[in-house]
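Written below as structure tokens is the structure these notes are about.
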Amino acid sequence: MRRIILCDSLYASWEPASTQPGATSRPAEENIGPWRKFIDLAAKGEKTFVLTHSMVPTGYANTAACAKALIDIVGAPVTAIKLNETEAAKDPEYPIAYRADLGHFHVWGYHGEDAQAHMTHVRHMAEVWRALDACGDR
């Protein structure tokens, strides 16, 4: 497998200790841990991993929370993107909010907290694939 693209589709349970009052909630290691090897290889440029996500709230660890956990694992720098700064930031409904890139590890976070915000990600999977091909990501 050379490439994984997840379009607003990575979820987890919460780490039990992180749900206590005053604790910072974290996705459960048992759900995040299996991604470590692949995302480490992607950060080194040996594989490609892309995770796009909306901000749809859930009772479990949503894709935004899982994205943060993965970014923390590889130590990818996070760059905030201002409205209209890039083509993706010009979208009138769900503009990109930030990106985290390291090697061939990419997380792209988008605004939007409703069902359509979620569904728009899968509709753009082919565009993500073509963009990776164009820039030479594996």
Hits in the range 50-70 (condition: outside any strand (DSSP E or B) and among the aliphatic types (A, V, I, L, M)): 55, 56, 64, 65, 67, 69, 70
Residue list for the range 28-55, restricted to those being touching a residue at least 60 places away in the same chain (Cβ under 8 Å) and crowded, with 17+ Cβ neighbours inside 10 Å: 39, 42, 43, 47, 48, 50, 52, 53, 54, 55
Residue tally, condition modelled with pLDDT of 90 or more and basic (Lys, Arg), over the range 80-138: 2
Qualifying positions in the range 125-138 - part of a loop (DSSP other than H, G, I, E, B) and surrounded by fewer than 16 Cβ atoms within 10 Å (Cβ to Cβ): 136, 138
Report, by residue number, each residue of the range 104-138 that is of a type in the set (D, E, K, R) and either more than 18 Å from residue 94 (Cα to Cα) or in contact with a helix residue (DSSP H, G or I) (Cβ under 7 Å, 6 or more places away or on another chain) (or both). 130, 133, 137, 138
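The rows are residues; the columns are (1) within 16 Å of residue 27 (Cα to Cα); (2) surrounded by 16 or more Cβ atoms within 10 Å (Cβ to Cβ); (3) of a type in the set (Lys, Arg).
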position: 68; (1), (2), (3): yes, yes, yes
position: 74; (1), (2), (3): yes, yes, no
position: 79; (1), (2), (3): no, no, no
position: 84; (1), (2), (3): no, no, no
position: 87; (1), (2), (3): no, no, no
position: 96; (1), (2), (3): no, yes, no
Within the range 71-109, which residues are touching a residue at least 40 places away in the same chain (Cβ under 8 Å) and assigned to a helix (DSSP H, G or I)? 73
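The values are calculated or read from the model by the stated rules, or taken from the named source; none is laboratory data. The structure displayed is predicted, hence computed values, not measured ones. Don't worry about glycine lacking a Cβ; one is built from the backbone with ideal geometry, like all the others, and counts go over all protein chains shown.
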